[in-house]
Amino acid sequence: MGNSSSSAPPTPDTSASGAASAVETRGIEPVPDHERGGRVRELLPTWVAANISVLLLTMGAGLVVFNELNLWQILLVGLCSSVVSYGMVGAVSVSGKWGGAPGLMLSRATFGVRGNYFPGAILWVARFGWETINAVTGAYAILTVLDLLFGVRSNSALIAVTLLAFVACTFLVSGMGRKVLAVCNTWSTYLFGAFSVLVLGYLITHVDWDAVFSRPAGSTSLLIAGIGMIAAGGISWVPSGPDFTRYLPHRASGRKIVGTTVSGAAVVVVPMVAMGAVMAVVTPGLASAGDPVSFLGDVLPTWLAVPYLITALAGMLLINSLSMYSAGFTAQTMGVKLPRALAVSVNAVISLVGGAFLMLVAKSFLGSFITFLTLLAVSFSAWIGVYAVDMARRRRRTVRYDADGLMDTSRTSRYWYVGGFCWQAMAAWGAALVAGACFTKVEWFTGPLAATWIGRNGLGWAATIVLAAALFALLPAPRENAPKTEAEEPIREPARAD
């Protein structure tokens, strides 16, 4: 995954026993050094594609309508949220080139063979939610195109058909694996970028810019909360970052990994939320529309709205394919005894059921989406804090991740710790997760600390990361069951490689 189609990887993209097929057969097992032919620059289209969603337009509109921010503040929100969230994605992605394995597989070294099941289960469930949201948005995009082109109005049967079609396409693309997604990511980036420029040009010539720039600035607290809301999408990708860098060689620059990841996200997030904000000035009701897509038919002419929606639809399909690609690894790490491509089918079915509920039963898509983003950020943040400290400790080791130890789930595993659990990591993760929930306020739940400054500013996710990291750093360092012959010594390699 994460490779541009401009140059195919020079090494096979399958397991050692597989043929040079388009379908990736490698599962959670670490990638051997001789198969690591990836390049850092090939990550760029991956993170561009991961953010091609019209939901960013709706969220940008929400920053105007609900947070009452002006355009300059919204540009700041887009930039800061990209740097913060995808900076974390990039930093954690470095561990992928260290261990050559997916993020939740490497997490075994942090939480223990058995302990990893607990954060893994929560991350897996959260991934279901994200895939469901994307599936619903994709189905709405299809419905809007049918309406604009043929005047076909939405109904329950058509909703079911379009949702099934979107999920089925997502399943097929994600099952193909790294090479197919790489090609799709690149072409989707080109097409969506071209049409986004056209949309931007249209807005420049048709929007009342005096009304846009005359808006007063919003409060600092709502600005901070806006950063957290937009950043939540990026935070959800943090545990999956290593999935897309496991084919990079050890010599790959860590700084370039972070920079490329942030750049790929920011080049989409910043203009998309800004365009959504500008559209909200023209059509204020779009932020609270019944679905997150149909408003484009009101804001843009049909000749532009239809091709833009089609390219955005391809982007949303890729986002879900990337998510399902990672979810297949998560399922295998959790003990699902299926090949990765078949493990993806579990997520596809859940996306289909959850999507049907959101489109046919739920009263407010936007309300459900904001609730999901809030809970998503907190649930992923506890893992991030613990994992980051563990990475900092491993950076100085000769043996950062032991491939045999990662695959060994018995008592002989290097990462068995005590009864299969790293109690220090589990304690820090659990305490931070509870604390994060206490700072959280959503439609159906208000934590006891939600009225504090942290809660009011939507910083529960940040407090969760800091608390998890601090607790894990202060507790006694875990002791791995490493052979005495593998004494840990400071590693001597160029600083740029980390």
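The values are calculated or read from the model by the stated rules, or taken from the named source; none is laboratory data. Here the structure is a predicted model, which means the values were calculated and not measured. Backbone-built Cβ (ideal geometry, glycine too); neighbour counts: all protein chains shown. For accessibility, only protein heavy atoms count, side chains too; no ligands or nucleic acids. Shrake-Rupley method; radii C 1.70, N 1.55, O 1.52, S 1.80 Å.
Can you tell me how much longer the chain between Ala211 and Ala431 gets when fully stretched, taken as 0.36 nm per residue apart minus their C-alpha distance, in nm with one decimal?
On the way: separation 220, 0.36 × 220 = 79.20 nm, distance 4.72 nm.
Once the chain is fully extended between Ala211 and Ala431, it gains 74.5 nm.
Calculated mean residue ellipticity, 222 nm, the chain: -21500 deg cm²/dmol, from DSSP H runs (n ≥ 4) at -39500 (n - 2.57) each, averaged per residue and rounded to 500. Once the Kirkwood radius over Cα pairs is known for the chain, the Stokes-Einstein relation at 20 °C and 1.002 mPa s delivers a diffusion coefficient of 93 µm²/s.
For the chain, with all protein chains in place and a probe radius of 1.4 Å, 68% of the accessible heavy-atom surface sits on carbon or sulfur. Rounded to the nearest 20, the size of the Cβ-charge dipole of the chain about its Cα centre is 1140 debye, with Lys and Arg at +1 and Asp and Glu at -1. Surface analysis of the chain yields an accessible area of 38 Å² per residue, using protein heavy atoms and a 1.4 Å probe. The trypsin sites (Lys or Arg not before Pro) of the range 201-289 meeting both criteria, a DSSP state outside H, G, I, E and B (loop) and at most 15 other C-beta atoms within 10 angstrom of the site's C-beta, are Arg251. The HN-Hα couplings worked out from phi for the range 466-479 by the Karplus form 6.51 cos²θ - 1.76 cosθ + 1.60 (θ = phi - 60°) are 4, 5, 4, 5, 5, 4, 5, 5, 7, 6, x, 4, x, 10 Hz, whole numbers, x standing for Gly and Pro. Note the angle between two axes, namely the Cα long axis of helix 117-150 and the longest principal axis of the Cα atoms of the chain, as a number of degrees from 0 to 90, rounded to the nearest 10. Compared with the principal axis, the helix lies near 30 degrees. Rounded to the nearest whole angstrom, the semi-axes of the ellipsoid equivalent to the range 96-205, taken from the Cα gyration tensor as √(5λ), stand at 35, 21, 13, largest first.
Sparse packing (at most 14 other Cβ atoms within 10 Å of the Cβ) combined with a DSSP loop state is found for the following trypsin sites (Lys or Arg not before Pro) in the range 407-452: Arg411. For the chain, the residue among Gly241, Met407, Trp130 whose Cα projects farthest onto the positive side of the dipole built from Cβ charges is Met407.
When every Cα-Cα distance of the range 380-470 is counted in 10 angstrom steps from zero, the calculated P(r) takes the values 17, 35, 27, 14, 6 percent. What FRET efficiency comes out for Leu474 versus Phe150 if R0 is 45 angstrom and r is the Cβ-Cβ distance? Round to the nearest 0.05. About 0.10, to the nearest 0.05. Couplings 3J(HN,Hα) for the range 189-206, derived from phi with the Karplus relation 6.51 cos²θ - 1.76 cosθ + 1.60 (θ = phi - 60°), are 4, 4, 5, 5, x, 5, 6, 5, 5, 5, 5, 4, x, 4, 5, 4, 8, 10 Hz, where x marks Gly and Pro.
For the range 31-43, 3J(HN,Hα) computed residue by residue from phi via the Karplus equation (6.51, -1.76, 1.60; θ = phi - 60°) reads 7, x, 4, 6, 9, 8, x, x, 10, 4, 4, 6, 6 Hz, glycine and proline entered as x. Taking 7 Å steps out from each Cα toward its Cβ at Glu443 and Leu158 produces label points 2.4 nm apart. Annotation: amide H of Val418 within the under-5 Å range of Trp423, sequence separation 5 or more or interchain, hydrogens built in the peptide plane.
Taking the square roots of 5 times each eigenvalue of the Cα gyration tensor of the range 149-282, largest first, gives ellipsoid semi-axes of 31, 26, 16 Å.
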